Each structure stands twice: as C-alpha cells, then as structure tokens.
Amino acid sequence: MKKEKKVSSSFIYFFGAFGGILFGYDIGVMTGALPFLQHDWGLAGKASLIGWITSSVMLGAILGGSLSGLLSDKLGRRKMILLSALIFMAGSVLSASAPHNGSYFLIAARILLGLAVGAASALVPAYMSEMAPARLRGRLSGINQVMIASGMLLSYVADYLLKGLPETMAWRVMLGLAAVPALILFFGVLALPESPRFLVQSGRLEEAKRVLNYIRTPNEAEQEFEQIQLNVKQEKTTVTSWHTLFLEKYRSLVIAGIGVAVFQQFQGANAIFYYIPLIVEKATGHAASDALMWPIIQGIILVAGSLLFLVIADKFNRRTLLKIGGSVMGLSFILPAVLGTVLDAHTNSLLILLFLCIYVAFYSCTWAPLTWVIVGEIFPLAVRGRASGLASSFNWIGSFLVGLLFPVMTASMSQEIVFGIFGIICFLGVLFIQEIVPETRGKS
C-alpha cells in the first residue's frame, strides 16, 4: 500500500490563512480602480451609483457569510474554501469584462464576488481555529488579520503599478488580477486536509485521527481527538434556536459581541480603505488617479499594525486595547475638523492626511483584529454558532452601509462634518466597551 504523503503544519496554516489575502485584495483593489472607472464611465456627480458599485461586494458577503456556515457543516470547510476560490475567480473575471457603462452588470458581478468574500471571511478563521492548537489560536487569528492587511497592500501596489495604463483598461486589469490569488488559493487548498472537527462530526474518525497526527504530537493528537468527540456529542444533545440568543443568561453577551462587530464598521475604516484617493482629492485638490501612493502608505501602516498586534495580543486586556484604540481613532477624526476652523486650507489638508494615518495605525492593532477575537471568545458554546454568524452578518451590513453612504454623505456635506460623525461613533464605541463588554482575556 502506497504511503500517504504528510502535509506540514506550516503549509496547512499558511494556506489556511491565505483566504485572507483574497478578502484583503478585494477590499483594497477598488480603491485604485474607482478613479479610473469613474472617469471612463463618466460617474462624476453620481454619488449613489459609485456607492452601489463599491459596496455591492458587501451585499453579496452578507449572504455568503451566512450560507457558508450552514454549507460548511454539510460539505466541509475545505470544499467550501475551494468553492469560494472558484466563485472569486469567476466574479473577478466578470467584473473586469463588464460592458462599457454596464453599471448593473458590474454591480451583479461584484455581488457574486461578495458571496466568495463573505464565505472566505467566515470559513478561514473557522478552519484556522479548528486546525490550530489552543496555545497558538490567538496568534494564528492574528496571522489571518496580517494576511488581510497584506492582501490590501498587494492590491494598492498593483493599482499604483497599473495606473499608467489607458484608463479604459487600467481599472479592468486591476479588478481582473484578483483572480490570481484566488487561483493560488485553490491549488494550495487542494493539498490541505479537512478539519478534524468536521471529520469527527461526519463520523470519519480514522481520517480525523490521521489529520491530527499531521499537526500535533501523538499525545496531543490522542487527547484532542477525545475532546473533539466529547464536544461534538455535547453539541448534538444541545438543542438551540434563534430564541435561545435572547434568553436572559445569554442576552447581554450576544448584545456585547454583535455590538463590537457593528461598531467596528461604523467607525469609518472602510470609508478610508475604499475612498482614500477621493478623500485626498477633496482635501488637496489633486486628481484622485494621481493620489495612488497614499493607499500604499496606508497599506504599509495596516500591515505593520497587524504585525504589532501579534506581539501585544496576549499581553494587554482586550477592553484596554479597544478603549485606547477607539479614543485615538475618535480624536484622529475630530481634531482635523476642529483645527480646520483656524488653519489655512493647505495646512488643514496635510493635517487630515496625517491624522488618517494615525487612525489606520491604531485601528490595525486594536479594533481590526480584536473584534474577531472578542466574537470568537465571548459567546458560550450553546449559542456560539448562531451568535457568531449573526455578528458576522451585522458586520457586513455595517460595511455595506458605510460603502454605500460615504460618497453620498461627502457629496451633501463637508468632509470635516462626515469625519466628525465617524469620530463621535468611535467615542460611542469606547463607551459601549466600558459599559457592556466583559473582559475575555484568559477566560475559559
């Protein structure tokens, strides 16, 4: 009998987290593509349409995140990640080949892309948490955030390198290149094993043991195999419904977890990531297509902050980091708006860009990764699946609304007022953490 080739744990963790690259690339790529698309299709002044084209990915992601949880329990994490990569490739190619002025075609293609983005955002952390040993779980969830940030930086660099192409071609190549990391993910995941938890759930016990022996010592593998069997048995005897979430013993924790996921989006981070060239254009008067170095600067800060989180993740309380991060983020939005009343336009525009960099730095090492750490830790086992799915859906709804409404808001009011609103939301988030969210660090 032919001996099966063993897959290294490093390979498993790398490609397990690689879905974050797809997620990040698609968040970032529209940043550079939008100025060229806007000019090519004559979208100037059509704030609502720009918002729909940009945010349609999040609309698909709301559905993709919800469906993937249900389907992955039936088909397996690995098969669903493979399917997501294929859908991502199809959505990228369709987006790049949209007919001229085909706004509805592009919106539909990006909704399809969103199905894959939403699925990847839910499946990758789940797969990673089920493959990783308990001692590495926090750090590996941080690696997923590093991958997302790296995907965004990669898209910013690609946008910058492609900006010399004719505008009719530039945005198409930018969007189409998203198929490349999806292709890499597909072939990488083909070599990955299925999650041992899913295998036990499906009654494939020998396969589950074999996978655990790839990634654990023999003693650890045996102990974890028994623990997984026990957990799966408990879950099968625990009957829950959506009503369970609102029982008195769970209600406050469900509100806390979902609230953190909602605040993460309404604090305005995606407004910066999607629209930074247009923000720079409005602040400085330079054409947005000439401002594509700014997203690269933001991307470098984002990756650096994500790496810093790996160092500080388990050294400080979750609540402390979220309160510090939210306070600095709020000040980063409000101070330029206040100082703008006494400074000349040029100084104020530089100040806005400086404070946006400070915002991204603190967001990337606090609210960006910690939201998902909190969501992973705060829910009791009896409601974890439903509550986590609900938190993810609310997060995507927030992301969709910010992407849709930001261009409409900036078209109808000054940039300073819009940033002031985001700043107030940041401070409300700090208050929410202080009053509602319990500390989860080091708790069972």
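Listed values for segment 27-38 are Karplus-derived 3J(HN,Hα) couplings in whole Hz (6.51 cos²θ - 1.76 cosθ + 1.60, θ = phi - 60°), namely 4, x, 5, 5, 4, x, 6, 4, x, 6, 4, 4, and x replaces Gly and Pro. Calculated [222 nm] ellipticity per residue, helices only, for the chain: -27000 deg cm²/dmol; basis is -39500 (n - 2.57) per DSSP H run with n ≥ 4, divided by all residues, nearest 500. Here the dipole of the chain is about 1280 debye; that uses its Cα centre as origin and unit charges on the Cβ of Lys and Arg (positive) and Asp and Glu (negative).
Taking the Cα centre of segment 163-306 as origin and assigning +1 to Lys and Arg Cβ atoms and -1 to Asp and Glu Cβ atoms, the resulting dipole is close to 200 debye. Scalar couplings 3J(HN,Hα) for segment 368-373, obtained by applying the Karplus form with A = 6.51, B = -1.76, C = 1.60 to θ = phi - 60°, are 4, x, 5, 3, 7, 5 Hz; x denotes Gly and Pro. Taken over the alpha carbons of segment 341-444 as equal point scatterers, the Debye sum produces base-10 log I(q)/I(0) values at 0.18, 0.19, 0.21, 0.24 Å⁻¹ of -1.09, -1.17, -1.33, -1.50.
Close amide H partners of SER195, meaning residues 5 or more places away or on another chain with modelled amide H under 5 Å apart, are ARG77, ARG78. The residues of the chain expose, per residue, 43 Å² of accessible area to a 1.4 Å probe. Here are some values of Cα extents along the principal axes in Å: (i) 82, 73, 42; (ii) 70, 49, 38; (iii) 71, 48, 44. Which one was computed from this structure? It is the one labelled (ii). Looking only at GLY42, GLY32, GLY24, which one moves most when the chain is put into a Gaussian network model with springs between Cα atoms under 10 Å? It is GLY42.
The relative contact order of segment 67-168, computed from alpha carbon pairs under 8 Å that lie at least 6 residues apart in sequence, is 26 percent.
Put a dot 7 Å past the Cα of TRP242, heading toward its Cβ, do the same for HIS100, and the two dots end up 4.7 nm apart.
Taking the square roots of five times each eigenvalue of the Cα gyration tensor of segment 161-255, the equivalent ellipsoid has semi-axes of 42, 26, 11 Å, listed largest first. Largest accessible area first, the residues ASP314, ASP40 order themselves as ASP314, ASP40 under a 1.4 Å probe with ligands, DNA and RNA left out. Taken one residue at a time, the phi angles of segment 40-55 give Karplus couplings (6.51, -1.76, 1.60, θ = phi - 60°) of 4, 9, x, 8, 4, x, 9, 4, 5, 5, 4, x, 5, 4, 6, 8 Hz. Gly and Pro are set to x.
The values are calculated or read from the model by the stated rules, or taken from the named source; none is laboratory data. These numbers were taken from a predicted model, which means no experiment stands behind them. All Cβ positions, glycine included, derive from the backbone under ideal geometry; neighbour counts span all protein chains shown. To get the accessible areas, we keep the full protein, side chains included, count just its heavy atoms, and leave off ligands, DNA and RNA. Shrake-Rupley method; radii C 1.70, N 1.55, O 1.52, S 1.80 Å.
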